[in-house]
Amino acid sequence: MAGDAAGTTGAAELPSGARWRTYGSGGPVTLVVHGLGATEGEARIPASGLRGSRVVLTLPGHGAAADPVDGYWSYERVASDVLEVADRVDAERAVGVSLGAGALTRVAAGHPERFERLALLLPAAVDQPRGPEVTGVFDRLVDAVAAAEADGGASLREVVGSGLPDGADVGEYVEQRAATLRRLEPALRALPRQAPLTDGAELSAVGSSALVVGATADPLHESAVAERLAALLPGARLEMFDSAAPMLDRRAALRRLLTGFFND
């Protein structure tokens with residue numbers, strides 16, 4: 001797992017198009033799995049400051065990864081890719097955001113001793129699909145993606161920007177995220193109406209030390225989901241941010257939380 005002079009290794013790829021790149025070297029090895037529509041910079045945020053090797057997975061349809069085949073977007077299929085990459089790189093730990101958290105939740109239910117430490121950020125669902133208010137936001141995103149060719153993406157940028165915290169320094173984030181979402185219409189249609197598990201009790205045997213992070217004002221990630229997930233995972237620690245998008249406006253605090261959890 002040794003990195004080159006810049007501290008990274010070249011990207012590797014699965015047949016699905018999922019890719020990963022390793023930052024740093026040595027152990028422990030932490031797999032990082034992003035959320036749906038994450039920009040490349042956003043996908044690397046949870047890896048910042050973690051010791052050892054950080055393996056950042058890029059799912060199909062994101063960044064430099066190829067577009068997925070039809071029917072790819074299910075928690076089962078994404079979790080299968082996540083587990084395969086974890087096994088290939090010998091990851092002992094993992095952190096996932098939103099969709100990534102859901103995929104890792106499914107992996108943990110099926111392989112309760114697979115990871116020694118597990119951080120699940122902004123979980124979107126456990127054993128029930130997202131609620132109608134959240135699904136409505138995704139419906140607006142789908143409509144905006146469908147209109148993007150005609151309006152140049154103006155509606156999509158408006159929907160993406162409407163969910164961000166006031167005063168957050170987002171730079172080119174809205175433009176980059178909108179560009180990514182234009183590749184993901186099938187995922188935007190399918191995933192909000194799915195859940196990672198059929199029964200949350202499947203998590204009762206998970207042996208990982210777990211950290212669950214939620215947000216009180218995120219329009220896409222209901223705080224009750226994080227609370228439920230933490231309650232279902234034996235001995236899990238729950239941390240809540242008073243924010244609409246802690247990955248953007250609570251980045252330093254989130255980094256301290258993750259490095260404290262993984263580096264202790």
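Any read-out appearing in this document is the output of simple, stated calculations on the displayed coordinates, not a laboratory observation. Everything numeric in this text was worked out from a predicted model, so none of it was measured. We place every Cβ from the backbone using ideal geometry, glycine too, and count neighbours over all the protein chains shown.
Charge tally around V29: other residues with Cβ under 15 Å, Lys/Arg +1 each, Asp/Glu -1 each, net +2.
Note on M240, M247: ascending count of other Cβ atoms within 10 Å places them as M240, M247, the fewest first. Taken about its Cα centre, the chain carries a charge dipole of roughly 540 debye when the Cβ of each Lys and Arg holds +1 and the Cβ of each Asp and Glu holds -1. Dividing the convex hull volume of the alpha-carbon atoms in region 109-185 by its residue count gives 141 Å³ per residue.
Note on the chain: with a GNM built from Cα contacts shorter than 10 Å, the maximum mean-square fluctuation among D87, D218, D70 falls on D70. Between D139 and T8, the FRET efficiency from the beta-carbon distance, with R0 = 35 Å, is close to 0.35. Largest GNM mean-square fluctuation among A101, A119, A148, using the chain with Cα springs under 10 Å: A148. Would you please name the GluC sites (Glu not before Pro) within region 203-247 that are DSSP coil residues with at most 10 other C-beta atoms within 10 Å of their C-beta? Filter output for region 203-247: empty list.
Note on region 1-139: semi-axes of the ellipsoid equivalent to its C-alpha gyration tensor, largest first and rounded to whole Å, are 24, 17, 14. Net charge dipole, region 1-116: roughly 260 debye, given to the nearest 20, about the Cα centre with Cβ charges of +1 for Lys and Arg and -1 for Asp and Glu. Return the single residue from L238, L197, L104 with maximal mean-square fluctuation; model: Gaussian network over the chain, springs between Cα atoms under 10 Å. Evaluated over the chain, the most mobile residue of the options is L238. The gain in end-to-end length when the T259 to A154 segment is fully stretched comes to 34.0 nm, 0.36 nm per residue minus the alpha carbon separation. Charges only on Cβ, +1 for Lys and Arg, -1 for Asp and Glu: so what's the dipole of region 192-264 about the Cα centre, in debye to the nearest 20? Here region 192-264 has a charge dipole of around 220 debye. Put in line by how crowded their Cβ is, counting other Cβ atoms within 10 Å and starting with the fewest, V69, V145, V78 read V69, V145, V78. Spacing of the modelled spin labels on E76 and R88, each 7 Å from Cα toward Cβ, amounts to 2.2 nm.
Here the translational diffusion coefficient of the chain follows from Stokes-Einstein with Rh set to the Kirkwood radius across Cα pairs; for 25 °C and 0.890 mPa s it amounts to 134 µm²/s. Computed from phi, the 3J(HN,Hα) profile of region 94-111 under the Karplus parametrisation 6.51, -1.76, 1.60 (θ = phi - 60°) reads 8, 9, x, 10, 6, 4, x, 5, x, 4, 5, 4, 5, 4, 4, 5, x, 9 Hz, with x in place of Gly and Pro. Could you tell me which of rounded, prolate or oblate describes region 222-264, using a ≥ b ≥ c as the square roots of the eigenvalues of the alpha-carbon gyration tensor, with rounded for a/c under 1.5 and, failing that, prolate when a/b is larger than b/c and oblate otherwise? Because a/c hits 1.5 or more and a/b fails to exceed b/c, region 222-264 counts as oblate. Altogether, the Stokes-Einstein calculation at 37 °C and 0.692 mPa s, with the Kirkwood radius of region 128-231 over Cα pairs as Rh, returns a diffusion coefficient of 211 µm²/s.
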